[in-house]
């Protein structure tokens, strides 16, 4: 959820509630004040009537105007407390209920007791209250709209440095040479953020650089002792007077060393691809590259009586590093030969940018997707490192190519599409 | 044939020189940058084995000096860095070949042989072993003057054997020489190549020179 949305989720209901409560209070206060005003008018009318009675000693005339009515009724009770009340009267002409404020008070004229009733229409008061409420609600609505727009515009502007920083971070690429360049901002929080971002990316870049150097150095440090071990084994095995037992020991040593050095080289390659150290991309002719490797490995396939059929569309190109392209193609073809059966078959086709290599072979014992993970291999292929397909996948990931491996109709099928996107 | 080994790991220097001396080369050793520069300046070698990471300086600098002095020594770069940049830079600077550590001594020997043959344009392209003659220019092998019908890999295998004659070559050295670094596994397929090559040599009337040495590898020898 966006910060603005989260903020509004709290802010808007509270604003509306406060505005509603205050307008409710406003309504009651206004109503009270206006009714109070009306009561004062009625009181003045009462004083006028009392004054008139005192002067003339006769009952004043009744009146029945729309906004003020005065009437007198005979009463048995001579003295009671005058009281105000509100009453609703149905107006026959206007066909609607009208509310009135009335004042009843005792009146004695020539010894006769009367109840004097002065009634004033409350309609105008109501109208004023309604008008005032309408204005209040309009103001609320207007305020909300203004608030909404202001939030949008103002917050968008306020967050601009933050969004800019975020964009730069998204595009930040360790192996690329581009440095983060942040716009200066006068907002303290964002300035603080930018400062931290610059310090962190600098640190990350430095760490990455030292990691790269470390990887190189580690490989150097490991390869050199390996080279010494390997050469010493080779020299020792040249001795004339070795018996079979000693030779077998040397053989085991040699195999282990070879394995170790291949492992080191493969992991180094994976690390290098992961660290995107193969920055240079070329316009690689994959058609001729694939044909070259088919030809290169044909004799190897022949040792297992494996036949290779090919259907390679000419002049297809891929934008990638040439060394990685070679590694990718040779790994896939070697896999198809190694995990094949004697007298088996391999079909290699390139249609457009889609390379499909399918080969006969025993059914894999685990889900085919797992073979893309490092060191996952079939129990049957004990001598394999289990890194071939991981390398293939890593290279594809590096360029956004999709890669696919499945066992269909008793055949292992590997597909690689040499353009970014999915295989459909 | 004189070879200079520029390498700071003494143990590796010893291995290389021991192997190369059995192949009738004479070896000189330099273990740091200054010694290497000194030796290359005052001597001519048929081939120089050059390690890039040296105490006292970058091996590529020596390469630059050699090219400035217009020296024609063959140069084989040996690097543990296995870094593509070094390889490309080295070859661009005029190195003849590149070998990354760890390597097989038999592979090193075969590469040196190839560099020296390439340098001697007027010289002999013929490698002989008893009745067998390999012409490295036309890539044809003959036994008693009748040419052998070899596949590409069989030819490479035969050349590799003859270049390392009387030495034991391990199966993984053969596999990597023929199929490159990506090849792994149990190398049983080597047996098929050996069998085919042996049959072709014997059909042509040659003796069976290829001896299997326990499970370790093969030796090309007339003894």
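The values are calculated or read from the model by the stated rules, or taken from the named source; none is laboratory data. Note that the coordinates shown come from a computational prediction; the quantities given were computed from them, not determined experimentally. Don't worry about glycine lacking a Cβ; one is built from the backbone with ideal geometry, like all the others, and counts go over all protein chains shown.
What the table below lists for this structure:
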{"read-out": "Flag for residue B:184 being within 12 Å of chain A (Cβ to nearest Cβ), surrounded by fewer than 16 Cβ atoms within 10 Å (Cβ to Cβ) and free of Cβ contacts under 8 Å to residues at least 12 places away in the same chain", "value": "no"}
{"read-out": "Residues of the stretch A:72-123 classified as modelled with pLDDT of 85 or more and more than 17 Å from residue A:46 (Cα to Cα), total", "value": "0"}
{"read-out": "Failed criterion for residue A:144 (all others in (1) surrounded by fewer than 16 Cβ atoms within 10 Å (Cβ to Cβ); (2) over 58 Å from the mean Cα position of the chain (by Cα) hold)", "value": "(2)"}
{"read-out": "Matching option when the condition is at pLDDT below 80 and farther than 30 Å from residue A:59 by Cβ, among A:149, A:132", "value": "A:132"}
{"read-out": "Residues of the stretch A:66-91 satisfying the condition of being surrounded by 10 or more Cβ atoms within 10 Å (Cβ to Cβ) and not in a strand (DSSP E or B)", "value": "A:66, A:67, A:75, A:78, A:80, A:82"}
{"read-out": "Failed item, numbered, when residue B:127 is tested on (1) farther than 23 Å from residue A:254 by Cβ; (2) within 14 Å of chain A (Cβ to nearest Cβ); (3) touching a strand residue (DSSP E or B) at 6+ places or on another chain (Cβ under 8 Å); (4) outside any loop (DSSP other than H, G, I, E, B)", "value": "(2)"}
{"read-out": "Single match in B:168, B:197 (criterion: at pLDDT 90 or above and within 16 Å of the chain's Cα centre (by Cα))", "value": "B:168"}
{"read-out": "Count of the stretch A:353-389 residues which are surrounded by 16 or more Cβ atoms within 10 Å (Cβ to Cβ), away from chain B (no Cβ under 13 Å) and at pLDDT 80 or above", "value": "10"}
{"read-out": "Where a residue in the stretch A:192-205 is within 16 Å of residue A:173 (Cα to Cα) and its partner, wherever it lies, is outside any helix (DSSP H, G or I), with Cβ under 6 Å and at least six apart", "value": "A:201/A:180"}
{"read-out": "Given (1) part of a strand (DSSP E or B); (2) within 14 Å of chain A (Cβ to nearest Cβ), number of the condition residue B:166 does not satisfy", "value": "(1)"}
{"read-out": "Helices (runs of 4 or more DSSP H) within the stretch B:52-124 that include 1 or more residues surrounded by 21 or more Cβ atoms within 10 Å (Cβ to Cβ), at pLDDT 85 or above and at the interface with chain A (Cβ under 10 Å from one of its Cβ atoms)", "value": "B:105-119"}
{"read-out": "Single residue of the stretch A:96-115 satisfying the filter (touching a helix residue (DSSP H, G or I) at 6+ places or on another chain (Cβ under 9 Å) and farther than 17 Å from residue A:67 by Cα) that is surrounded by the most Cβ atoms within 10 Å (Cβ to Cβ)", "value": "A:107"}
{"read-out": "Number of the exception - residue B:205 against (1) assigned to a loop (DSSP other than H, G, I, E, B); (2) within 13 Å of chain A (Cβ to nearest Cβ); (3) out of contact with any helix residue (DSSP H, G or I) (no Cβ under 9 Å at 6 or more places or on another chain)", "value": "(2)"}
{"read-out": "Which listed residue, of A:130, A:122, is surrounded by 14 or more Cβ atoms within 10 Å (Cβ to Cβ) and within 30 Å of residue A:29 (Cα to Cα)", "value": "A:122"}
{"read-out": "Members of the stretch A:334-351 that are touching a strand residue (DSSP E or B) at 6+ places or on another chain (Cβ under 6 Å) and within 25 Å of residue A:315 (Cα to Cα)", "value": "A:336, A:346, A:347, A:348, A:349, A:350"}
{"read-out": "When residues of the stretch A:294-311 are limited to those that are over 13 Å from residue B:189 (Cβ atoms) and buried (at least 17 other Cβ atoms within 10 Å of the Cβ), the one farthest from the other protein chains (Cβ to nearest Cβ)", "value": "A:308"}
{"read-out": "Qualifying position, being over 50 Å from the mean Cα position of the chain (by Cα) and either at pLDDT 90 or above or surrounded by fewer than 17 Cβ atoms within 10 Å (Cβ to Cβ) (or both), among A:291, A:250", "value": "A:250"}
{"read-out": "Filtered residues of the stretch A:212-247 (kept if over 15 Å from residue A:264 (Cα atoms) and surrounded by fewer than 14 Cβ atoms within 10 Å (Cβ to Cβ))", "value": "A:213, A:239, A:240, A:241, A:243, A:244, A:245"}
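Results for (1) assigned to a loop (DSSP other than H, G, I, E, B); (2) surrounded by fewer than 18 Cβ atoms within 10 Å (Cβ to Cβ); (3) within 14 Å of chain A (Cβ to nearest Cβ); (4) at pLDDT 90 or above, shown as yes or no for each residue.
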| position | (1), (2), (3), (4) |
| --- | --- |
| B:3 | no, no, no, yes |
| B:11 | no, yes, yes, yes |
| B:15 | no, no, yes, yes |
| B:18 | no, yes, yes, yes |
| B:21 | no, yes, yes, yes |
| B:34 | no, yes, no, yes |
| B:38 | no, yes, no, yes |
| B:45 | yes, no, no, yes |
| B:49 | no, no, yes, yes |
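Here's the yes/no breakdown for (1) under 12 Å from residue B:159 (Cα atoms); (2) out of contact with any strand residue (DSSP E or B) (no Cβ under 7 Å at 6 or more places or on another chain):
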| residue | (1), (2) |
| --- | --- |
| B:86 | no, no |
| B:90 | no, no |
| B:102 | no, yes |
| B:134 | yes, no |
| B:140 | yes, no |
